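The values are calculated or read from the model by the stated rules, or taken from the named source; none is laboratory data. Here the structure is a predicted model, which is why all the values come from computation and not from measurement. With ideal geometry, Cβ positions are generated from the backbone for all residues, glycine too; neighbour counts draw on all protein chains shown.
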Amino acid sequence: MTKKSNTKAVFLDRDGVINVYDDYVHRQEDFHFQDGIFELCRAAQDLGYLLLVATNQAGIGRGYYTESQFLKLTNWMIEKFAQQHIQIAHVYYCPCHPVHGIGEYKCDSPDRKPNPGMLLRGRDDFHLDLGASVLIGDKLSDIQAAKAAGVGTPILLRSNEGEPAVQEGYCYVSNSLHEIRSRFFPPPR
C-alpha cells in the first residue's frame, strides 16, 4: 500500500498574480509586484505550503525575449522573495506556443496551460498531494490546468484583462490577493 503524501503546495501563475499583468514582461524595470503577494506567500509558507511558480512564457517562443533573459529576471524575482523571507521552491515555465512559436518552440507542449504538465511535474518533483494544494491564476487556462491535474483548490484572481466569467462552483473567484490570503491562509490559532 502506497503512503499518501501530506506535502501541499501553492502554485502561482506569474504574470497577473505575482506581478502586475503587462504583455511579455522580461525586464526588471517593467516587473511590478502585485499588492499583497508577499503577505499571501508568507502566510501560505507559515502554514506549511511549498511555493511553486507555473507560468506560460510564450514570449520566449515568439522570439520577444530569450530564455536567458527570462531566467535572469526569474533569479531576481526569487531574490526579492528571499529578501521577504519567502522561499520559492521552484519555477516551472513553458516557452512553447502551438501557433505563434518559432522553430522548436512551435509545439503544443503538455506543459503549456491549460495542459497540466507543469503541475504534474511539481507533484512528482516534490511528492505533492495535489488534492490538498492550491493554484492561483488569473486566466481560465490556469484553472483548467488545475482541474486537469486534480488540484484541490483552484482560485481565479480577477485581473484587468476581463477574463470570462466562470461557472459558479468551478473555482473560487477573488478580486484581491488580500482576500485570498484571509480566506485560505489565515494565521494559525
Which one of these is on the phi < 0 side of the Ramachandran plot and surrounded by fewer than 19 Cβ atoms within 10 Å (Cβ to Cβ): H85, H32?
H32
Could you tell me whether the range 147-159 includes any residue that is more than 25 Å from A58 (Cβ to Cβ), modelled with pLDDT under 95 and surrounded by fewer than 22 Cβ atoms within 10 Å (Cβ to Cβ)?
no
Given N19, N75, N56, which one is surrounded by 21 or more Cβ atoms within 10 Å (Cβ to Cβ) and among the polar types (S, T, N, Q)?
N56
Residue among I180, I136 that is out of contact with any Lys or Arg (no Cβ under 9 Å at 6 or more places or on another chain), at pLDDT 95 or above and farther than 26 Å from G61 by Cα:
I180
Odd one out for G103 among (1) on the phi > 0 side of the Ramachandran plot; (2) in contact (Cβ under 8 Å) with a residue 24 or more places away in the chain
(2)
Tell me whether the range 88-109 contains one or more residues that are exposed (fewer than 14 other Cβ atoms within 10 Å of the Cβ) and under 23 Å from K8 (Cβ atoms).
no
Taking the options Y49, Y21, Y64, name whichever one is closer than 25 Å to P116 by Cα, of a type in the set (S, T, Y), modelled with pLDDT of 95 or more and out of contact with any Phe, Trp or Tyr (no Cβ under 7 Å at 6 or more places or on another chain).
Y49
Taking the condition of being within 23 Å of S141 (Cβ to Cβ) and of a type in the set (D, E, K, R), how many residues in the range 29-83 meet it?
3
So, in the range 1-15, how many residues would count as being modelled with pLDDT of 95 or more, out of contact with any helix residue (DSSP H, G or I) (no Cβ under 7 Å at 6 or more places or on another chain) and not acidic (D, E)?
2
Out of (1) over 30 Å from N6 (Cβ atoms); (2) surrounded by fewer than 21 Cβ atoms within 10 Å (Cβ to Cβ); (3) in contact with a strand residue (DSSP E or B) (Cβ under 9 Å, 6 or more places away or on another chain); (4) not hydrophobic (A, V, I, L, M, F, W, C), the odd one out for Q45 is which?
(1)
